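The values are calculated or read from the model by the stated rules, or taken from the named source; none is laboratory data. Not measured: the values here are computed from a predicted model. Cβ placement follows ideal geometry from the backbone for every residue including glycine, while neighbour counts extend to all protein chains displayed. Areas reflect the complete protein model, heavy atoms only, side chains present, ligands, DNA and RNA absent. Shrake-Rupley method; radii C 1.70, N 1.55, O 1.52, S 1.80 Å.
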Amino acid sequence: MKILVTGGAGFIGSHVVELLIKNGHETVVVDNLSSGKKDAVPSQVQMIEMDINSQKLEEVFAREKPDVVIHLAAQVDVATSILYPSHDAEQNILGTIRLLNYCQKHHVQKIIFSSTCAVYGETADCSIKESFAMKPLSFYGLSKYTSERYIQLFQRLNQVPFTILRYANVYGPRQTSLGEGGVISTFFRKILNGEAPFIYGNGEQTRDFVYVKDVALANVLALTKGTNGIFNIGCNTKTSVNELLTMMTSLMAVHMTPIIRPAREGDIQHSRLDNTKAATVLGWQPSYELSVGLSDTLNYYKGVFRNGSI
Ligand SMILES: NC(=O)c1ccc[n+]([C@@H]2O[C@H](COP(=O)([O-])OP(=O)(O)OC[C@H]3O[C@@H](n4cnc5c(N)ncnc54)[C@H](O)[C@@H]3O)[C@@H](O)[C@H]2O)c1
């Protein structure tokens, strides 16, 4: 298949692109490099430096004729969304609508959309199913939820098939400190630099951490499965930020006392995703336990640290 990946130079996107290539798919990346890096894209892949809101994107659709669009490009930072809601909406909502228009016009067989557990907002400390009520706590969660609704209505009115993947907190090599899973990247960077990491609030907030290679696999499975479905992509496990720091410092054999800062607006207290539907329909299951994923990620950051660019 020919796949157009928006945001393919980013953290998750670059892993998706690697797996697509491995599976023999022809892949084209569109990325404005606002947070992505050109060198994260494998050299054999065509990398088009372009904003998804650019009118020139239509020429890319006309020329490349993708079978499937994997849409990851987004404004990904919760705090930025609260400070600049119109910027967040422009990137996440209008950007998605523009892509949907091109998908319809150029007969794309499916759009696979990267959504988030932030669409659920605050829930009880329980395993969240896809059918739970949506009460986002940030404009980022709201813009992703609104995009989901546009995607569903585009399918109904304009026959653009979709698969929506709602990720838990993604972590792994090449992650920056921005975005939702950024706590692991931030902690590794700080500790390797000999600095104390920050914890916002009491550190008892829990997260469901999912390894980036498992997320890439979910995207590849969605090429042929789960049409017009919405799927949680998480491990259905909960780890508090305090537990996470303990795991990371013991992995690195160091002792660190964190600096406590006030809780941040828009931060969710508990988040854990039920992944039964993804297992049943997509045949997806996470294969990396947190301890294994952390160890792989640490090896990556040690390499970056040795090169002096952390
Ligand atoms: N990282 C997580 O924990 C997580 C969790 C849930 C959902 N997501 C979603 O997954 C997707 C990828 O996130 P990520 O963590 O890899 O972030 P990232 O910032 O590393 O990747 C986003 C990529 O999109 C590009 N981009 C941003 N705006 C663009 C635009 N207007 N036009 C073209 N390119 C643009 C950036 O340059 C970057 O390469 C996002 O949609 C995000 O909302 C991420």
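Worth a mention:
- Residue match in segment 89-96 (condition: open to solvent by 50 Å² or more (accessible area, probe 1.4 Å) and hydroxyl-bearing (S, T, Y)): no
- Matching residues, segment 147-199, being assigned by TED's automatic domain parsing to the domain that holds E265 and more than 16 Å from the ligand (Cβ to nearest atom): K190, I191, L192, N193, G194, E195, A196, P197, F198, I199
- Qualifying positions in segment 184-208 - surrounded by 24 or more Cβ atoms within 10 Å (Cβ to Cβ) and under 30 Å from K277 (Cα atoms): I184, R207, D208
- Where H107 falls short, out of the listed (1) within 22 Å of S81 (Cβ to Cβ); (2) at pLDDT 95 or above: (1)
- The set of residues in segment 51-79 being part of a helix (DSSP H, G or I) and touching a residue at least 12 places away in the same chain (Cβ under 8 Å) consists of L57, E58, V60, F61, A62, E64, V78, A79.
- A Cβ distance below 7 Å, combined with a sequence gap of six or more or placement on separate chains, defines the contacts here; from segment 10-31, residues that are closer than 10 Å to V212 by Cα reach residues that are away from the ligand (no atom under 11 Å from the Cβ) and modelled with pLDDT of 95 or more in the pairs H15/K213.
- L83 being open to solvent by 60 Å² or more (accessible area, probe 1.4 Å), more than 10 Å from the ligand (Cβ to nearest atom) and of a type in the set (A, V, I, L, M, F, W, C): yes
- When segment 33-50 is filtered for residues that are open to solvent by less than 60 Å² (accessible area, probe 1.4 Å) and either without any contact (Cβ under 8 Å) to a residue 24 or more places away in the chain or outside any strand (DSSP E or B) (or both), the ones remaining, listed by number, are L33, G36, A40, V41, P42, V45, I48, M50.
- Test for R63: is it closer than 19 Å to Y150 by Cβ, more than 9 Å from the ligand (Cβ to nearest atom) and either open to solvent by 40 Å² or more (accessible area, probe 1.4 Å) or hydrophobic (A, V, I, L, M, F, W, C) (or both): no
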